[in-house]
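The values are calculated or read from the model by the stated rules, or taken from the named source; none is laboratory data. Everything numeric in this text was worked out from a predicted model, so none of it was measured. Quick reminder, even Gly has a Cβ in these numbers, built from the backbone with ideal geometry, and neighbours come from all protein chains shown.
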Amino acid sequence: MPAAPTYRDSAITPQLEVALHRIAAGGATSEMIRRELVAVTSELVDASVTIAEPDGPITANDMTWFDIAGRDGLRLGVARELGEQLRAVVRVLATFAGMALEAAALRGDAPAAAAPEPTDVPGFIASSPAMKRLLVDIGRLAGSTATVVITGESGVGKELIARALHDRSSRAAKPYIAFNCAAVPHELFEGQLFGHRKGAFTGANADQVGVVRAADGGTLFLDEIGELPLDIQPKLLRFLDNAEVFPLGAQRAVTVDVRVVAATNRDLAADVRKGRFREDLYYRLQVVPLAVPPLRARREDIVPLARYFARSMSDGGAMPAFAPDALSALASHSWPGNVRELRNVISRALAFSPRPSVLTRAVLGL
Ligand SMILES: Nc1ncnc2c1ncn2[C@@H]1O[C@H](COP(=O)(O)OP(=O)(O)OP(=O)(O)O)[C@@H](O)[C@H]1O
Ligand SMILES: [Mg+2]
């Protein structure tokens with residue numbers, strides 16, 4: 001008989017880690033834990049989810065039920081049939097939430113020391129609950145040096161979030177260095193990351209500090225981390241574990257104090273399974289995973305973003321209005337290119353003169 005799949009086998013692992021992180025948010029009250037449990041589960045299973053009280057009314061039985069550990073009779077109900085993997089995942093969530101509820105009860109379920117307010121980040125539009133939660137997380141990570149990995153489709157705003165993590169952190173006055181792993185020829189990778197001494201290889205005419213040391217005291221943003229060559233991955237891991245780098249041609253290692261934020265639009269868990277990405281580095285990076293949902297999954301952000309772009313592209317002049325047909329077209333478009341596509345749509349509409357004072361669906365070209 002084949003072994004039962006565990007959540008570790010599942011492509012859903014990074015999502016699950018985010019979910020656990022949300023349920024366990026420090027000092028949560030049982031009310032908050034229940035709310036997060038329902039929210040994260042319904043996102044994961046893409047179906048409606050309820051919590052049934054032990055002595056509550058009998059609920060429809062075309063649901064899949066999970067015991068919430070340690071709370072007699074309290075159950076989590078999912079309004080759909082689940083495959084073996086999702087079932088394993090939801091079981092983990094329900095068990096974990098049960099433990100968090102126990103802990104909250106032991107604390108006397110003290111009301112949370114004021115629910116955390118989303119940090120305000122200028123130029124970062126966040127109207128949807130998912131993005132507001134992300135802003136709360138950015139605020140909570142301000143004093144942390146934990147490695148963050150930001151995942152999400154192209155154009156969702158990963159780079160903006162990396163910058164906000166730095167600007168809101170206690171390292172804000174120190175350097176922020178962005179390094180795009182997709183834009184460096186393989187043979188230059190190690191030198192550009194970790195630096196080299198003059199003469200370390202043909203063409204090394206001067207010392208180079210490398211981006212890691214350039215970011216000392218601050219933040220290094222490793223964009224497109226999924227493109228990091230396999231032979232460089234152990235070297236990055238060594239730097240993350242030991243906080244030291246070994247410049248090419250140098251006699252000894254140099255200690256650095258760098259907070260790493262990485263981003264990718266690839267499914268790193270899938271790359272690990274295909275042998276394209278090292279598993280040890282994957283887990284080392286996942287200390288704090290931040291998943292940015294695609295724009296189509298947070299439609300409350302669309303119109304505020306459109307207005308924000310229209311305003312910022314109006315160069316102080318009158319901001320164009322959005323016609324009702326434009327608003328409904330914006331709201332129903334699927335935005336495969338996410339926020340970047342939305343920005344381009346507004347930018348194209350405002351490129352022609354005379355500038356339209358009303359943006360209609362036709363003007364937007366949707
Ligand atoms: N919440 C937001 N508020 C305001 N502008 C945003 C927001 N999210 C994204 N943008 C803008 O959308 C554009 C794309 O964002 P960004 O470059 O951060 O995406 P990305 O996830 O890094 O994409 P890629 O994977 O292609 O590198 C940028 O111009 C960014 O400023
Ligand atoms: Mg980017």
Can you confirm whether Y282 is surrounded by 14 or more Cβ atoms within 10 Å (Cβ to Cβ), hydroxyl-bearing (S, T, Y), away from ligand 1 (no atom under 16 Å from the Cβ) and not in a strand (DSSP E or B)? yes
Failed item, numbered, when A270 is tested on (1) over 27 Å from A200 (Cβ atoms); (2) surrounded by 15 or more Cβ atoms within 10 Å (Cβ to Cβ); (3) aliphatic (A, V, I, L, M): (2)
List every residue pair whose Cβ atoms sit under 8 Å apart, with the two residues 6 or more apart in sequence or on different chains, where the first one lies in the range 324-347 and is outside any helix (DSSP H, G or I) and the second, anywhere, is away from ligand 1 (no atom under 12 Å from the Cβ) and not β-branched (V, I, T). H333/L366; S334/R296; W335/R296
How many of the residues making up the range 248-286 are at negative phi and touching a strand residue (DSSP E or B) at 6+ places or on another chain (Cβ under 7 Å)? 14
How many residues are without any contact (Cβ under 8 Å) to a residue 60 or more places away in the chain and within 17 Å of F189 (Cα to Cα) if we restrict to the range 245-266? 6
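Rundown of residues vs (1) of a type outside the set (A, V, I, L, M); (2) under 30 Å from L74 (Cα atoms); (3) away from ligand 2 (no atom under 16 Å from the Cβ); (4) at pLDDT 90 or above, yes/no style:
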{"position": "A100", "(1), (2), (3), (4)": "no, yes, yes, no"}
{"position": "T119", "(1), (2), (3), (4)": "yes, no, yes, no"}
{"position": "P122", "(1), (2), (3), (4)": "yes, no, yes, no"}
{"position": "S144", "(1), (2), (3), (4)": "yes, no, yes, no"}
{"position": "G155", "(1), (2), (3), (4)": "yes, no, no, yes"}
{"position": "L165", "(1), (2), (3), (4)": "no, no, no, yes"}
{"position": "P175", "(1), (2), (3), (4)": "yes, no, yes, yes"}
Yes or no: L305 in a helix (DSSP H, G or I), within 11 Å of ligand 1 (Cβ to nearest atom) and either modelled with pLDDT of 95 or more or closer than 15 Å to G226 by Cα (or both)? yes
Out of curiosity, is L160 within 13 Å of ligand 2 (Cβ to nearest atom) and without any contact (Cβ under 8 Å) to a residue 40 or more places away in the chain? yes
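Given the criteria within 16 Å of ligand 1 (Cβ to nearest atom), assigned to a strand (DSSP E or B) and surrounded by fewer than 19 Cβ atoms within 10 Å (Cβ to Cβ), does A178 qualify?
On the way: within 16 Å of ligand 1 (Cβ to nearest atom): yes; assigned to a strand (DSSP E or B): yes; surrounded by fewer than 19 Cβ atoms within 10 Å (Cβ to Cβ): yes.
Here the answer is yes, as A178 does meet what is asked.
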T202 - would you say it is assigned to a loop (DSSP other than H, G, I, E, B), modelled with pLDDT under 95 and within 14 Å of ligand 1 (Cβ to nearest atom)? no
Return the residues of the range 69-103 that are over 18 Å from I33 (Cβ atoms) and not polar (S, T, N, Q); say none if nothing qualifies. A79, R80, E81, L82, G83, E84, L86, R87, A88
